[in-house]
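No lab work stands behind these numbers, since they all come straight from the coordinates. All values derive from a computational prediction rather than experimental measurement. FYI the Cβ positions are ideal-geometry reconstructions off the backbone, even for glycines, and counts take in every protein chain you see.
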Amino acid sequence: MAHKMAIIGYGGMAGQHHESINKLFSQQMQITGVYDVREEAAAKARERGLKAYPSAEAIYADKEVELVVIATPNDFHKPYAIACLQAGKNVISEKPVTLNAAELEAIIAVAKTTGKFFTVHQNRRWDLDYLIAKKIFADGILSDPYVIESRVQGSGRALHGWRGWKQNGGGMVLDWGIHLIDQMLDFFPQKVIEVHSALHQVFSNEVDDNFTASFRFENGLNYIVNIATNSFILQPRWHISANDGTAIIENWDCAGKIVKLADAKSLEWAEDIVYTTAGPTRTMAPRPKETTLELELPFPPGHNINNNWDMHWKAYYTNILDCLDGKAKPIVTTDQALRVMKIVDLVFQSGKEKHGIACNL
Ligand SMILES: NC(=O)c1ccc[n+]([C@@H]2O[C@H](COP(=O)([O-])OP(=O)(O)OC[C@H]3O[C@@H](n4cnc5c(N)ncnc54)[C@H](O)[C@@H]3O)[C@@H](O)[C@H]2O)c1
């Protein structure tokens, strides 16, 4: 028998959940229906063969529904999550799980009393560029990263709809930043000991539309997250500095390369002064090509840029189905989600107070 799931908030992202489940899990999961405050969204759901519940309460009361996906604007995640859990449903919240750590703690307290699972759709843990960045170190191609720059940039210069409003939890820290911070904490389990951020309102009167945050880890790693909606010349999606080389992943198409020392002795070449238009230099001289190796980026087996979107839905909902069958726990845990939100709180605090914040998270 297929598991039964309902969706609250049937906009853009809910449509992605719906389509992906129909495409990949039609035998194992059935979407019973949706609830949305807008009649147009309800009409669209009916057109696509789904029931439009008249209220969220009608979902809570539907005994068939085991799982609810919450895909509303961000400020509604907390009240719906708590109500769904109290009604005995398992819950997936879209990201950002809540607007701050305190809201999430309130959800976790309820989840603990129900025996149902609560998890977050942090889908960008399965992005190909991120999987490649992790694999560079997992395979030992490079070692000891000391600066990682993780950027998502564009020049759209518009925060669409509710994303522009503070009350709804708009802004880029909670929209894209949350993905990149979740990736960072998934990538490195070590403690973060300082958060420093600069939030900009280049064109929004209410929320951050561009920001840069740097995170100092206890092992010395400096991890920089940058989201730009006003960048007319793009920087690479990833630029990674490790002791023995450098990696670049240009964008979601995963073009890029790794350049590393050919061998440890190749460190010793630097005798010559190079004359540049800015004057003579040894330190900044380009390295002779024979002292380096240029390598292709390591793609995980079975992954390519054409199947990446499906791969993430497959990985995510396979785990959710296993959770519903009592065979697994959610991959995205509440502890992880809480760590992300505590760091996000510090990003906002640092931006507001205009200095770095020491922490132990
Ligand atoms: N994981 C991802 O990659 C990803 C991508 C996009 C959006 N999201 C998240 O998904 C959520 C929805 O974003 P979206 O882009 O689909 O927005 P959207 O505006 O397209 O859809 C939101 C829907 O919620 C409905 N809604 C608003 N208030 C409601 C309420 N109180 N009760 C019920 N329905 C309500 C709206 O009518 C709309 O149909 C957000 O939390 C967003 O951050 C996640």
Filter the range 301-317 for residues that are under 16 Å from the mean Cα position of the chain (by Cα), aromatic (Phe, Trp, Tyr) and closer than 13 Å to Phe25 by Cβ; which is surrounded by the fewest Cβ atoms within 10 Å (Cβ to Cβ)? Trp313
Considering only residues that are of a type in the set (Gly, Ala, Ser), over 13 Å from Gly15 (Cα atoms) and within 9 Å of the ligand (Cβ to nearest atom), which ones fall in the range 37-56? Ala56
Scanning the range 57-94 residue by residue, the ones that are farther than 20 Å from Thr32 by Cα and either in contact with a His (Cβ under 6 Å, 6 or more places away or on another chain) or more than 12 Å from the ligand (Cβ to nearest atom) (or both) total 1
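Can you confirm whether Thr276 is hydroxyl-bearing (Ser, Thr, Tyr), surrounded by 14 or more Cβ atoms within 10 Å (Cβ to Cβ) and farther than 19 Å from Leu180 by Cβ? Full working, then the answer.
Details: hydroxyl-bearing (Ser, Thr, Tyr): yes; surrounded by 14 or more Cβ atoms within 10 Å (Cβ to Cβ): no; farther than 19 Å from Leu180 by Cβ: yes.
No; evaluated as a whole, the condition is false for this residue.
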Determine which member of the set Gly115, Gly156 is farther than 30 Å from Asn243 by Cα and either within 11 Å of the ligand (Cβ to nearest atom) or without any contact (Cβ under 8 Å) to a residue 12 or more places away in the chain (or both). Gly115
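Being away from the ligand (no atom under 16 Å from the Cβ), of a type in the set (S, T, N, Q), without any contact (Cβ under 8 Å) to a residue 60 or more places away in the chain and under 17 Å from Gln336 (Cα atoms) is true for just one of Gln201, Gln190, Gln183. Which residue is that? I'd like the intermediate steps shown before the answer.
Details: Gln201 fails: under 17 Å from Gln336 (Cα atoms); Gln183 fails: away from the ligand (no atom under 16 Å from the Cβ).
Selected residue: Gln190, the only one of Gln201, Gln190, Gln183 that is away from the ligand (no atom under 16 Å from the Cβ), of a type in the set (S, T, N, Q), without any contact (Cβ under 8 Å) to a residue 60 or more places away in the chain and under 17 Å from Gln336 (Cα atoms).
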Residue list for the range 1-36, filter: aromatic (Phe, Trp, Tyr) and either more than 13 Å from the ligand (Cβ to nearest atom) or out of contact with any helix residue (DSSP H, G or I) (no Cβ under 9 Å at 6 or more places or on another chain) (or both): Phe25
